[in-house]
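Q: Mind looking over this structure? Questions follow.
The values are calculated or read from the model by the stated rules, or taken from the named source; none is laboratory data. None of these values were measured; they are calculated from a predicted model. A quick note on method: Cβ atoms are made from the backbone with ideal geometry, for glycine too, and the neighbour counts reach across all protein chains shown. Protein only, heavy atoms only, side chains kept; ligands, DNA and RNA dropped before computing areas. Shrake-Rupley method; radii C 1.70, N 1.55, O 1.52, S 1.80 Å.
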Amino acid sequence: MPDRRAMTVAAFQLCLDLGGDTSGTTGASLDPDPALDLLGRAKADGAELLVLPLLPDVGPPEEFSRRWSESARKIGVFLAVGRMAGGGVNQNVGYLFGPDGSLPLKQAQTHLTKSELEAGIVAGTDLDLAELPCGRVGFAVGTDCWYPEVNRILALRGADVILAPVAVSGPYGFWRQAAGLWEEVQQNQVFGIEAGLELPGRFEGRTAVMAPVEVTPGETGYLAHVLGPAELMDEGHATSRSEPTGAAAFVTARIDPAMLEKARKGFPIFHFFNVPLYRRWFPGIYEGGTRR
Amino acid sequence: MRTLVKIGEKAKMAAFRAQLAWKGRRGTVAAAIARAEQKAGGPPRTGLASRDAGRRDPNRVRVAAVQMRLRLVTSGAQFAEEIYGLARRAAEQGAELVVFPEYSGVPFLGLLPGLARLPEDTTIDQAIAALTGDNAGGNGSGGNSRDDATDSGGVDNDGVPISAYFRAIAPGAQPAYEAAFSEVARRLGIYVVTGSIVVPDHECTVNKAYFFGPDGQLLGTQHKTHLVPEEERWRLTPGGELNLFETPWGKIAMPVCMDATYFETFRIAALRGADIVIIPSANQEKYVYGRANRGIWPRVQETHIYGIGSSAVGRFMGLTFSGRSAVIAPLEMTPGRDGFIARAASPEEPEIVVGDLDLEALRRFRAENPLFVNGELYRRYLPALYEEARRRRERPYQ
């Protein structure tokens, strides 16, 4: 197993302005060039891994990949970004580019909402990992944040960090986030980096860096949150709707494998798996694609 | 002389067991409940149209979670009176299904001679040491603490596991526990999930929950399937199955406490047809939202079922338990879009939490918000990866 070390990560909340068109379905692309300054600021703050939201894009996917690969290389960071279905591609996909512009990880969203299905989006059927200095990383793209199977499989395969580029249809409040990546981070004892897209009237963001509660300020499960101090992000300060930032913003946090080791030693969730019980029912109980 | 000593020890044990059986006999328990009912003014007005299971509204049920302080008892009668009082308060509010917390049976440790006379904050380890004259070290005393506490290793100074003490009181505790809840269910005409008690199961010792029907009949039991470190040190054995129970309102599952930390529990229950999953809990830690919200609440959101969580609260044998008991539904089905139909006001005080479940509304919600199943993905990795992942986590980081 390669040596692992702490890394500073940055999670971005980007606000897309379509000049009045809030349908968000056509004609929208985020050109990475104007974003370079912002990404560069995160790098200057020490971030080595940058996570961006799930972005709309109507151009060819190869062009999307080329532009963001170039950004990663120019700034010299690991750069994770999501691309919504469009431009001839019928999947939502997460991309992780290396500081040399390489593409060590590309992941299609594996679980779909009813509206995504109706829009003709197709689910991926595998979950892969990449090795970073802080540990193994995997993607929970969009809706995947709310499916425990995704994050459990990633953790079972050795993921220590879950990258979550999302574009969440509003309202997106405290409790909905708690039901998503926040809880997946807790039940798998991993780090989670959620990067949200804002599109007025459509998408709301709650960009954050999450960790097992034991190693976070105030035991809230947040290391950083775009809406305020991490230690305040608990039910006492829960709001039913997120307040839009209205502009691009990012938060940074230091993630350290030693923090996960501390949480896992304190309570070894995996140690108490009831494997005979799971073997009795998985995977047959899912009935090969039956929806309930 | 040695034979006389052996006979003496055997006689003592026989006498102890006889005393336990006496304190736990059903007649005593039933009589205590009858007295409690009379003292309360007779049978409660519950508003039930009929106790007949076949005549209950299958689409609606009022449920209650009993947030309860654990207190040592020295007899089945004493236990039964307390349980009856709590269940009666729930039934008077119209509850047809009442849930008690995990370890509701642990108060029967008071059957150990002299234990109930020890100072209130005496831990289980200290109590056993005092009773046996040993110096059992540490403070590992059970519950579901996630803190990295040192403890005795779950054994006394002779290497006897703590579970042996639960087994020792079982001849009195178990029949009294069963009789109390059965009689309470029958008297009040309600369904009761008892919480749990630590009892023998052949050679094993298990954390066991019971489900009683409104005529007092035992509908089934459930062993906790995911232990906590203290329970492993006590030498408890996890259950191997997740049971479902038929009720007028559909199928119900009742895994125990830490079982709710694992999405697998609820996913299995929900895919097998459970519409309601009940979690009796005894969280041994001061209430912190982040810690408390890692169990039943997110599991309900993942699986689109109803959840009823009942918590032990307060101080018991040197341990602090905290809540908050709640009746839980998918976010969008709740008034505050926070997933709570009803919730205890305090994480530390006893309370009866009452909420109404609408099974028709749940079915409509599911139809509008179907869950996606990626069978190909699951077949690729589940359950194959669990053992390897467990071993990997148990290796130190390099």
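Q: Testing the spin-label approximation: label points 7 Å from Cα along Cα→Cβ at B:TRP22 and B:GLU368. State their distance in nm.
A: For B:TRP22 paired with B:GLU368, the spin-label model returns 6.3 nm.
Q: Rounded to the nearest 0.05, what FRET efficiency do B:GLU387 and A:ASP128 have when you use their Cβ-Cβ distance and R0 = 25 Å?
A: Efficiency for this residue pair is about 0.75.
Q: Now a separate question. Return the FRET efficiency for the residue pair A:GLU62, B:VAL288: r is the Cβ-Cβ distance, R0 is 45 Å, and the value is rounded to the nearest 0.05.
A: Numbers: r = 48 Å, r/R0 = 1.07.
The pair A:GLU62/B:VAL288 has a calculated efficiency of 0.40.
Q: Residues of the protein assembly as shown: accessible area per residue at 1.4 Å, in Å²? Intermediate results must be reported in sequence, preceding the final value.
A: Details: 25140 Å² over 690 residues.
The answer is 36 Å² per residue.
Q: Just checking the output field for A:140-149: average partner chain Cβ neighbours within 10 Å of each residue's Cβ? Let's see the in-between values first.
A: Details: counts 0, 0, 0, 1, 2, 0, 5, 7, 10, 11.
Other-chain Cβ atoms within 10 Å of each residue's Cβ, averaged: 4.
Q: Beta carbons within 10 angstrom, averaged per residue: use that to sort the peptides B:214-221, B:274-281, highest first. Walk me through the numbers before you get to the answer.
A: Values: B:214-221: 16.0, B:274-281: 27.6.
So the order, starting with the most tightly packed, is B:274-281, B:214-221.
Q: Can you work out ³J(HN,Hα) from phi for every residue in the range B:159-165, in order, using Karplus 6.51 cos²θ - 1.76 cosθ + 1.60 and θ = phi - 60°, giving whole Hz and x for Gly and Pro?
A: x, 7, x, 4, 4, 5, 6
Q: For the range B:170-181, take each phi angle, set θ = phi - 60°, evaluate the Karplus expression 6.51 cos²θ - 1.76 cosθ + 1.60, and give the result in whole Hz per residue in order, putting x for glycine and proline.
A: 4, x, x, 5, 5, x, 5, 4, 5, 5, 4, 5
Q: How big is the gap, in Å, between the Cα center of the range B:286-326 and the Cα center of the range A:30-101?
A: Each part's Cα centre sits 40 Å from the other's.
Q: Now for a separate question. Zone of A:ARG73 (label point 7 Å along Cα→Cβ, backbone N under 19 Å): which residues in the range A:94-130?
A: Inside the label zone: A:95-106.
Q: How much of the accessible area of the range A:61-107, probe 1.4 Å, is carbon plus sulfur, in whole percent? Intermediate results must be reported in sequence, preceding the final value.
A: Numbers: 830 of 1750 Å².
About 48 percent, which is the carbon plus sulfur part of the accessible surface.
Q: Sort B:ARG89, A:ARG157 by accessible area with a 1.4 Å probe, largest first.
A: Descending order: B:ARG89, A:ARG157.
Q: Could you run the Debye sum over the Cα atoms of the protein assembly as shown, one equal point scatterer each and no solvent, and tell me log10 of I(q)/I(0) at q = 0.06, 0.10 Å⁻¹, two decimals?
A: -0.37, -0.93
Q: OK, next. At a probe radius of 1.4 Å, figure out the A/B buried accessible area, summed over both chains, and give it in Å² to the nearest 100.
A: 7200
Q: Given Cβ point charges of +1 (Lys, Arg) and -1 (Asp, Glu) and nothing else, what value in debye, to the nearest 20, does the dipole of the range A:85-148 about its Cα centre take?
A: Working: 3 positive and 7 negative charges, 13 e Å.
Roughly 60 debye, rounded to the nearest 20.
Q: What distance in nm separates the two pseudo spin-label positions at B:ARG60 and B:ARG272, each 7 Å out from Cα along the beta-carbon direction?
A: So the two model labels end up 3.1 nm from each other.
Q: Additional query: Positive end of the charge dipole of the range B:299-398 (Lys, Arg +1 and Asp, Glu -1 on Cβ, about the Cα centre): tell me which of B:GLY323, B:GLY339, B:ASN374 has its Cα farthest that way.
A: Value computed over the given set: B:ASN374.
Q: For the range A:258-271, take each phi angle, set θ = phi - 60°, evaluate the Karplus expression 6.51 cos²θ - 1.76 cosθ + 1.60, and give the result in whole Hz per residue in order, putting x for glycine and proline.
A: For the range A:258-271, the Karplus-derived couplings read 5, 5, 5, 4, 5, 5, 6, 6, x, 8, x, 4, 5, 4 Hz, x marking Gly and Pro.
Q: Which one of B:ALA18, B:PHE266, B:SER163 is farthest out on the positive end of the charge dipole of chain B, using unit charges on Cβ (Lys, Arg +1; Asp, Glu -1) and the Cα centre as origin?
A: B:ALA18
Q: Taking 7 Å along the Cα-to-C-beta vector as the label spot, tell me the B:ARG379-B:LYS10 distance in nanometres, rounded to one decimal.
A: So the two model labels end up 6.2 nm from each other.
Q: Ok, one more. Calculate the dipole size of the range B:284-398 relative to its Cα centre from +1 charges on Lys and Arg beta carbons and -1 charges on Asp and Glu beta carbons; express the result in debye to the nearest 20. Intermediate results must be reported in sequence, preceding the final value.
A: Numbers: 18 positive and 15 negative charges, 131 e Å.
In total the dipole reaches around 620 debye.
Q: If you don't mind, there's one more thing I want to ask. Measuring from a point 7 Å past the Cα of B:LEU131 along Cα-to-C-beta, which residues in the range B:165-200 have an amide N at less than 20 Å?
A: B:165-178, B:196-200
Q: State the three equivalent ellipsoid semi-axes of chain B, derived from the C-alpha gyration tensor as the square roots of 5 times its eigenvalues, in descending order and whole Å. Walk me through the intermediate numbers first.
A: Working: eigenvalues 240, 158, 65 Å².
In descending order the semi-axes read 35, 28, 18 Å.
Q: Can you give the mean number of other chain Cβ atoms that lie within 10 Å of the Cβ atoms in peptide B:221-230? Numbers along the way, then the final one.
A: Details: counts 0, 0, 0, 1, 6, 6, 3, 2, 5, 0.
Per residue, the number of nearby Cβ atoms from other chains is 2 on average.
Q: With a cap of 14 neighbouring Cβ atoms within 10 Å, and only residues DSSP puts in a loop, list the GluC sites (Glu not before Pro) found in the range B:235-279. Mind dumping the intermediate values first?
A: Details: sites: B:GLU241, B:GLU246, B:GLU264; in loops: B:GLU241.
Qualifying residues, ordered by number: B:GLU241.
Q: I'd like the mean, over residues of B:363-376, of how many other protein chain beta carbons sit within 10 Å of each residue's own Cβ.
A: On the way: counts 0, 0, 0, 2, 1, 1, 2, 5, 8, 16, 13, 16, 8, 9.
Per residue, the average neighbour count from other chains is 6.
Q: Taking a probe of 1.4 angstrom, what is the accessible area of B:THR74 in Å², to the nearest 10?
A: 60
Q: Counting Lys and Arg as +1 and Asp and Glu as -1, each charge on the Cβ, what is the dipole of the range B:203-255 about the Cα centre in debye, to the nearest 20? Before the final figure, lay out each step's value.
A: Values: 5 positive and 7 negative charges, 15 e Å.
In total the dipole reaches around 60 debye.
Q: Considering amide H positions built from the backbone, and no H for Pro or chain starts, which residues 5 or more places from B:GLY220, or on another chain, come under 5 Å of its amide H?
A: B:PHE211
Q: Among B:LEU188, B:LEU236, B:LEU385, determine the one that fluctuates most according to a GNM of chain B built with springs between C-alpha atoms less than 10 Å apart.
A: B:LEU385
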